[in-house]
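A short write-up of the structure that comes next.
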Amino acid sequence: MKRLVVIGAGPMGLEAALLGVERGYQVTVLERGQVGESLRDWGRVRFFTPFAMNVSPRARALLGPGGPADAALLTGPEMIERVLLPLSASASLAGKVQTQAKVVAVGRARTLRRDLAKNPLRAGRPFRILYEQGGEERVLEAELVLDASGVTRPTYLGVGGQPALGERQVNLHRTLGSVERALPGWAGRRVMLVGHGHSAAHAIAWLAELEQSAPGTKVTWVVRSLNARPCVEVASDPLTERAATVRRANELAAAPPPWLTVLRKAHLESIRGAGPFEVGLSGARTVEVDGIVGLTGYRPELEFLSELPLEISAVSEGARGIQQALANVTDCLKAPALLPKDLESGEPGFYLVGQKAYGRMTAFLLENGRAQLETIFRMVGGQK
Ligand SMILES: Cc1cc2nc3c(=O)[nH]c(=O)nc-3n(C[C@H](O)[C@H](O)[C@H](O)COP(=O)(O)OP(=O)(O)OC[C@H]3O[C@@H](n4cnc5c(N)ncnc54)[C@H](O)[C@@H]3O)c2cc1C
């Protein structure tokens, strides 16, 4: 029986594991935290895609009639409790998901990155996966590895994507969950928000609510865009929650109320102090704030894959084929189907999947990730 190791027990890792079980692989999922770890820190934000778009028919069948309704818009923690944990405990996956198991290196047994380049002999040697669990180092071997470890490293806030001077020494709020926890302490104080993606659109709405309940709260919103409406709007967006969040944020930016200052085409040069912070911005501006929220996106962790000759996109830091295929896609709902060649990683039997495969591109949807997994399993075949 061929062995499959899946890295990460997020929505895509569990779906990959279910597919692997269905195709007769001996499956192990290694998760460095808990099941659904990254969704734990979404705070009260809800999926903007309805539940029916987020899971496969095989997952729904395992959840049974008690699972969420098709139209439900779950929060991250609800997705964990009502979907991911039940799936990991289901008859298909019970005993196969190892938590607190952090993968630290993936390579080929007896084979360096530079050995047997493009030689089919490479594929004949199993993958060797080194991971840490319970304070010990352990090793697994596998014929197929699917890396669904997501994008977990926040990008820097400084000019050109570099750390601003002092940025690496200060504590910033880099997830919506962290922002939600900090909000009560910011009542009547000064907060800086950096970024203009969907997460930043949620954060500005929360800060607006905070100002309503605690007048005197001041917000400086720093965006790289020059647009009056900085958050990207999808024309006739069928995802109504997404459309509403972006619209609200853009309305605030376009006509800022007295508590909000929007700095466009602005970049962080430096952050001084440990709170309050003195933030130096492009144009020799300085702003003093009590808290800094940086929602500028995340990048994948690639270091643990450094012994594999992977074709990583220089642009997205995800799979090169996917970045090339989707380079001009601005609406994730309209992404074309990916072809098998787009999914090849350069290392036979190894695939980046889920959000990680998209790297820093924003066009990822679970629905598209599932289609990728189906294509990969058609390529690699099954044991049944
Ligand atoms: C706030 C927010 C809202 C979103 N809303 C939607 C939406 O409405 N619809 C939609 O389709 N998509 C949405 N997305 C995008 C995407 O679907 C999610 O980010 C989703 O969680 C991606 O799933 P994943 O399984 O690929 O990665 P993740 O959920 O990030 O899972 C990766 C897992 O890998 C683990 N891991 C990382 N490194 C290691 C390691 N070295 N060893 C072992 N395990 C490791 C992590 O702990 C984590 O559990 C949203 C994203 C965010 C942040």
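Numbers below:
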read-out	value
Wholly enclosed helices (runs of 4 or more DSSP H) of the stretch 118-224 bearing at least 1 residues in contact with a helix residue (DSSP H, G or I) (Cβ under 9 Å, 6 or more places away or on another chain), among the hydrophobic types (A, V, I, L, M, F, W, C) and free of Cβ contacts under 8 Å to residues at least 40 places away in the same chain	198-213
Verdict on Leu63 being surrounded by fewer than 21 Cβ atoms within 10 Å (Cβ to Cβ) and part of a helix (DSSP H, G or I)	yes
Hey, Glu307 modelled with pLDDT of 95 or more, farther than 30 Å from Leu239 by Cα, surrounded by fewer than 19 Cβ atoms within 10 Å (Cβ to Cβ) and in the same structural domain as Trp42 (by TED's automatic domain parsing) or not	yes
Pairs, first within 19 Å of Gln212 (Cβ to Cβ) in the stretch 230-257, second more than 16 Å from the ligand (Cβ to nearest atom) and in a helix (DSSP H, G or I), C-beta under 7 Å, six or more apart	Leu252/Ala208
Some residue of the stretch 73-85 being within 13 Å of the ligand (Cβ to nearest atom), part of a loop (DSSP other than H, G, I, E, B) and in the same structural domain as Ile376 (by TED's automatic domain parsing)	yes
Single residue of Val55, Val29 found to be outside the structural domain of Glu180 (by TED's automatic domain parsing), closer than 13 Å to Gly369 by Cβ and β-branched (Val, Ile, Thr)	Val55
Failed criterion for Pro68 (all others in (1) part of a loop (DSSP other than H, G, I, E, B); (2) within 17 Å of the chain's Cα centre (by Cα); (3) under 24 Å from Thr240 (Cα atoms) hold)	(2)
Candidates Arg108, Arg113, filtered to the one that is surrounded by 14 or more Cβ atoms within 10 Å (Cβ to Cβ), within 17 Å of Leu144 (Cβ to Cβ) and touching a Pro at 6+ places or on another chain (Cβ under 8 Å)	Arg108
Identity of the residue in the stretch 163-208, of a type in the set (S, T, N, Q) and closer than 18 Å to Glu278 by Cα, that ends up modelled with the lowest pLDDT	Asn171
Residue match in the stretch 167-186 (condition: of a type in the set (Phe, Trp, Tyr), under 24 Å from Leu268 (Cα atoms) and within 23 Å of the chain's Cα centre (by Cα))	no
Residue that is farthest from Leu302 (Cα to Cα) [pool: residues in the stretch 1-59 that are among the small types (Gly, Ala, Ser) and more than 9 Å from the ligand (Cβ to nearest atom)]	Ala52
Those residues of the stretch 281-337 which are under 12 Å from Met361 (Cα atoms) and part of a strand (DSSP E or B), in sequence order	Tyr298, Arg299, Ala319
Candidate set: the stretch 280-313, residues that are hydrophobic (A, V, I, L, M, F, W, C) and closer than 19 Å to Ser149 by Cα; chosen: the one nearest to the chain's Cα centre (by Cα)	Leu302
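The values are calculated or read from the model by the stated rules, or taken from the named source; none is laboratory data. All values reported here derive from a predicted model rather than from experimental measurement. Neighbour counts are summed over all protein chains in view; Cβ atoms, including those assigned to glycine, are modelled from backbone coordinates with ideal geometry.
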